[in-house]
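I have placed the structure first, in the form of structure tokens, so that the comments after it can refer back to it.
What follows is calculated from the coordinates using simple rules that are stated; it is not laboratory data. What you see is a predicted model, and the numbers here were worked out from it, not measured in a lab. With ideal geometry, Cβ positions are generated from the backbone for all residues, glycine too; neighbour counts draw on all protein chains shown.
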Amino acid sequence: MTQPNSRFDADVVRLGAHHLEAFASANPDVMLAVLTSGDGFEVASYPPSQTMTAKIAAMSSSMQALSEALTREAGLAKNKNLIIETESGTVLILGLTGTQRLSLAIVVKSGELLGKVLWASRNLCKKLEASLQK
């Protein structure tokens, strides 16, 4: 599990890491899952201690903010997620609702059904939101 990050409450880090680990165990094509603060810092990740998670956290936070701004400018409401598909995999970035501005970045191998991983990722967001509001 991820070592507690001094920027965040230890319970938030622990709960985040627990949910990410359970999510990855249930979805074996998930290569990386990162819970990110609104200012681009990694809160928790699975697998833990990967060298790229800090960069993924920073970029996904920025992408989430840009996608929210884009949908606002387009006159659309309540951005749910951003999907980046490549030949070798997919990145999903989902915003969490609640008092803390958090987002979730999920990286999956190619071949994973987009609908399945999107459904599972949205369920993960709901679980994280419920756990973090307690």
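Observations on the model:
- The protection proxy used here, the mean number of other Cβ atoms lying within 10 Å of each residue, ranks peptides 33-44, 83-94, 67-78 as follows, highest first: 33-44, 83-94, 67-78.
- 13 Å reach of a label modelled at ILE84, 7 Å along Cα-to-Cβ, counting backbone N of the range 104-124: 105-108
- Cβ-placed point charges (K, R +1; D, E -1), dipole of the chain about Cα centre in debye, nearest 20: 320
- Cα pair count fraction exceeding 24 Å, expressed as % - the chain: 22
- Long-range HN-HN contacts of LEU102 with modeled amide H, under 5 Å: LEU96
- Result for the chain in a Gaussian network model with C-alpha springs under 10 Å: among SER61, SER121, SER49, the largest mean-square fluctuation is at SER49.
- Each residue of the range 63-74 was assigned a 3J(HN,Hα) from its phi angle through the Karplus expression (A = 6.51, B = -1.76, C = 1.60, θ = phi - 60°), giving 5, 4, 5, 5, 5, 5, 5, 4, 5, 4, 4, 7 Hz with x at Gly and Pro.
- HN-Hα J in Hz across the range 16-33 - Karplus 6.51, -1.76, 1.60, θ = phi - 60°, x for Gly and Pro: x, 4, 4, 5, 5, 5, 5, 4, 5, 5, 7, 10, x, 7, 6, 8, 7, 9
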